[in-house]
Structure formats: structure tokens, C-alpha cells
Amino acid sequence: MSSRNDDASAKGAQRLRLLFVDDEAPIRMVMGDELEQIGHDVTVCEGGQEAIDKLSENVYDAVITDLKMPGIDGWGVIEHINKAKIDTDIIISTGHGGIEDAIRAIREGAYDFLRKPYKIVEIANVLNRVAAKRSLENRAKALETELQSVRGKTQLIGETETMKRVKTLVERIAPTDSSVLILGETGTGKEVVARSIHDHSSRSKMPFVAVNCGALPESLVESELFGHKKGAFTGADAPRKGLIEVANGGTLFLDELGELDKSMQVKLLRFLESGEIRRVGENDAFNVDVRVVCATNRHLQDMVTDGKFREDLFFRVNTFEIRLPALRERKDDIPELSRFLAARCMKRATVPETLLSPKAVDMLRAHDWSGNVRELANAIEHAVILSYGETIEPEHLPSSITRRSASSDKPFVVTNFSHPLTLREIEMEVILQTLDKFNGDKPLTADELGIALKTLYNKLNQYQAHDQADAA
């Protein structure tokens, strides 16, 4: 085995979690040290059975295995990986195999084949390629976490002074790796700003992972963010990567940050300060390279005063603050923003300035937009459908806009029940009617009811469970 190549170490790519399998103790000792020196986390095994046991418990980016070993050999390890459909890359390291073995290994899914003795620079180059490949895979997985099935190019629309300031702040902060806290009412476009920061950063070709902290069940928040090993809790039938690890090399957007409970705030703070994560059920921590952008519609400083949010975490995420204006504070942007939203609905690059009639524009300007840009997007989609993509007139807009009577003043109706309502039923009827009022928009519903978003999710889950119990 040759000595480590310093140039290879200096050029090491993304940190990988490796499982190194070889029945010769000196090789395990040397390679364990060499692979850690070039920047990877390494677990060593002396045989195939031990490797299979490790693979059933933990997630590894790559397995480097010898072929000729007593008991279960390298072929047995490959067979287990394929049968169990384990997400890992296989690298064969052997001093006995010939061209036939190399062909067989590639056919059975091996990523590469190295003959002993090999230089550390050779395996470093293979691992660099594995890291690049897995980064692309993580990016694909990140796309699955997007809240919208289709999105266009990220754009910050508006030329009012408040929006010009937001654009300037994004341009200043995007090239750095500083943490950013985006503040604003529900529906103002906080995720759009977060995406714009990512798109204008050096991380733009890496994953952007958006997480709605308020929508995560309390019992699964840690597992969703940090991942878990097999058997870590009931239902953990296989090891799993967390969303922080999926975002490795890119940006993690934590929306509704104020909904995290105090125990998760501690774990998030530890990650932000150390750059290390530890999967649920594992003892060993490992490093990930992730930029964190947070957002909330809550007043975190007041939550700190009330003891509901950690002060040290507040200062850690608030390195740079961007406040988004409500739509009612930038009504001069409504015509341009409406055309942009219409173009997105119609899947066009642009639409003519005459798409919205002057009367329709005046009506849009006159509305109070309690739901901000999200409410405007729903209104424009409604109008595009009714107008068949032609000129949008007032009659094409939703009735909530054309009728200035505030729906919020309309009393709740809890009639048409065959029995006296319990307090739980009245509460749920109010929640369901408010959801209907906002077309199922849960953040707007929570704001209207004056409760936390997580509280709304919990009540809906309780209602569903109660309903299913009654049906049974």
C-alpha cells in the first residue's frame, strides 16, 4: 500500500460516510487512517457478515470491499446490497480479481474496481466522483421536498422602494454563507426570497431543501431533519437520511421556525454552531456543509421574552435580517405582480400589459389583501381560468374581491346539526369554516384564528383521528 498523496487530500470533495471491508488487519488500519486523512468518515469491518450488520443499521455513501474473505465474501456483500436495495455505491478493492471479476462486479452494480496495491490518489479520485454523483442524487431528492409541483425561475417582482431594498439586501447577502432570517406576514413570499438567495449564491447548483417546521409532526421532527438509524424508534424499519443531509452542499430553508419546540431548538442550535449532525439512534456525529436560511411570521423577540424561543438560537439565526413588506404596503407593485402570476398560470414567459383591464387593476388595488401575494396568486389563477386567458375584467375576479363586504365580519354558522354541539365540535366547525374561507390555506387560517400553525395541524390531526374512531 503506497503512502498518502497530499495533493489528493487537499482536493478532497464532499465528506462521505464510508464502510471499508477487508479481512487483513494491517490494511484496515492503514486505510482507515488514510481515508480519514483525505476528509471522510470511515467505519472498518473485518468481514462480510459484519459489513451486512452495519449496513442494516446505518446509512453509508459508499462501501469499499475486498472480494476474497473468509465466510461471507465481497460477492456476498454486493448480493445483500442489491437484494436489500440499499442506497450506497460499491467500490471493489482486491488483489486477486482479474478482468472477468471486474466485468462481473460492474454488471452487479459496482461503481468502480481497484486492484491492490493502489495509490491513495486513485481511491481519492474515485471517491470524488462518488461525491459528485451523490450530490446530484441529493439534488433530485431535494426537488421532491418542494411544496409546489411546478415553479418557474425565481424572481423578486416589484419596483416600490420597499422591494428595491429587499432586492439590494438579497444581492448583498447571497454571495456569503451567513445565516439569514426572513420576516414577514404569511403569504408575503418568504420562500421566494430564500430561493433567490440560494440562486444567487455559489451553492446554486446544489440542493435547495425547503422545510415547513409547522407541518412536521412533533414526534418526527428530529428524524425528518437529522435522519435515523434502523430500529431507532417504532416504525424505523430502515436507516434514512435527514433533510439536513439531503441539503449537503446547498441551502436548507426552515420556514415557520417559531413552531419548533424548545428541545428541537437546542438540537438545531448545536448543528448551527458545530456543523455536525447525529442521526436518531446513532452515537457518531458527522459534518455536513449546509447554509441555513430561516423564516417566520411570528415575533421571535417577543417569544424570547416570553421564554418560548431560545435567545442564543435567535441571535444565531439572525445574523442578517430581511423584512418583507405586506402587499397592502406596496400596492403599486400589484399590476406587475399580477401579470407575472398570470404568465406563470398560463405557462408563458410574459403577458401583455393590457391583460388586466384598468377596472380590474383598480379593483385589485382597492382590496386589503390580508393573505398577501399568496391570496393575489389564487385570485389571478381564478381570473385566468374564467377569462380563458383573454383580458381580465372585474367579473373574472373572485367574489371576495368584487364584493367589498368583509367576509371576516360574517358570523360563523353552526346549525344543521341533529344534536347539541360539544365544545370540541364547535371548535372544529369554526376551524373548518375558516379553512374553507381561505381555500384550505393553513397558515392564513392559523393567523385568522390567532393560534400557532402547529396547533392548527395538531387539532386537525386530532379531529381526523376522532372521526376515524367514530366511523369504526
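No lab work stands behind these numbers, since they all come straight from the coordinates. The model shown is predicted, which means the values in this text are computed figures rather than measured ones. Glycine gets a Cβ as well: all are built from the backbone with ideal geometry, and neighbour counts include every protein chain shown.
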**OP:** For the range 161-323, take the alpha-carbon Rg, divide it by the Kirkwood Rh, and send me Rg/Rh.
**Re:** 0.97
Subject >> Antiparallel bridges, percent of DSSP beta bridges restricted to the chain (to nearest 5) >> reply: 10
Original post:
Which FRET efficiency, nearest 0.05, do Val304 and Glu100 yield, Cβ-Cβ r, R0 60 Å?
Top reply: 0.35
**OP:** Determine the calculated [θ] at 222 nm for the chain from helices alone, applying -39500 (n - 2.57) to every DSSP H run no shorter than 4 residues and normalising by the residue count; nearest 500 deg cm²/dmol.
**Re:** -13500 deg cm²/dmol
Subject >> Angle between the chain longest axis and helix 262-274 axis [Cα atoms, degrees, rounded to 10] >> reply: 50
Original post:
Which residues' amide hydrogens lie under 5 Å from the amide hydrogen of Ser93, considering only partners 5 or more residues apart or on another chain, with H built in the peptide plane?
Top reply: Thr65, Asp66, Leu67, Leu114
**OP:** Please compute the net charge surrounding Thr455, taking Lys and Arg as +1 and Asp and Glu as -1 over other residues with Cβ under 14 Å from its Cβ.
**Re:** -2
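Which values, in whole Å and largest first, are the semi-axes of the equivalent ellipsoid of the range 6-136 obtained as the square root of 5 times each eigenvalue of the Cα gyration tensor? Before the final figure, lay out the partial values.
Values: eigenvalues 83, 52, 46 Å².
Its equivalent ellipsoid spans semi-axes of 20, 16, 15 Å.
With +1 on each Lys and Arg Cβ and -1 on each Asp and Glu Cβ, how big is the dipole of the chain about its Cα centre, in debye rounded to the nearest 20?
Details: 62 positive and 75 negative charges, 215 e Å.
Computed charge dipole of the chain: roughly 1040 debye.
Would you kindly give the portion of the calculated P(r) for the range 327-404 that falls above 16 Å, as a percent of all Cα pairs? Don't skip to the answer; put the middle values down first.
On the way: 1202 of 3003 pairs.
When all Cα pairs of the range 327-404 are counted, 40 percent exceed 16 Å.
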**OP:** Subtract the Cα-Cα distance of Leu386 and Glu46 from 0.36 nm times their separation in residues, and report this length gain in nm to one decimal.
**Re:** 115.6 nm
Subject >> Degrees separating the helix 74-83 axis from the principal Cα axis of the chain, which is the longest one >> reply: 20
Original post:
Hey, which lysines would be in cross-link range of Lys359, C-alpha to C-alpha under 28 Å, not counting anything within fewer than 8 residues on its own chain?
Top reply: Lys164, Lys331, Lys347, Lys410, Lys437
**OP:** Evaluate the relative contact order of the chain (contact order divided by residue number), counting alpha-carbon pairs under 8 angstrom at least 6 apart; express in whole percent.
**Re:** 12
Original post:
Which of the lysines could be linked to Lys54 by a straight reach, that is with a Cα gap under 21 Å, when you skip same-chain ones fewer than 8 residues away?
Top reply: Lys68, Lys83, Lys85, Lys229, Lys230, Lys241
Subject >> Per-residue HN-Hα couplings for the range 333-344 [Karplus 6.51, -1.76, 1.60; θ = phi - 60°; Hz; x = Gly/Pro] >> reply: 7, 4, x, 5, 5, 5, 5, 4, 5, 5, 4, 5
**OP:** Rounded to the nearest 10 degrees, what's the angle between the helix 423-437 long axis and the longest principal axis of the chain, both from Cα atoms, 0 to 90?
**Re:** 90
Subject >> Neighbour-count order for Ile64, Ile27, fewest beta carbons within 10 angstrom listed first >> reply: Ile27, Ile64
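When Asp89, Asp112 are ordered from fewest to most other Cβ atoms inside 10 Å of their Cβ, what list results? Kindly include the intermediate steps, with their values, before the conclusion.
Values: Asp89 24, Asp112 21.
Fewest to most other Cβ atoms nearby, the residues stand as Asp112, Asp89.
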Original post:
How far apart, in nm, are the 7 Å Cα→Cβ label points at Ala285 and Ala236?
Top reply: 1.7
Subject >> Cross-link reach list, lysines versus Lys119, counting only Cα pairs under 18 Å and skipping chain neighbours closer than eight places >> reply: Lys11
Original post:
Which label marks the calculated value of semi-axes √(5λ) of the Cα gyration tensor in Å, given the options [x] 44, 33, 19; [y] 50, 26, 21; [z] 66, 26, 18?
Top reply: [y]
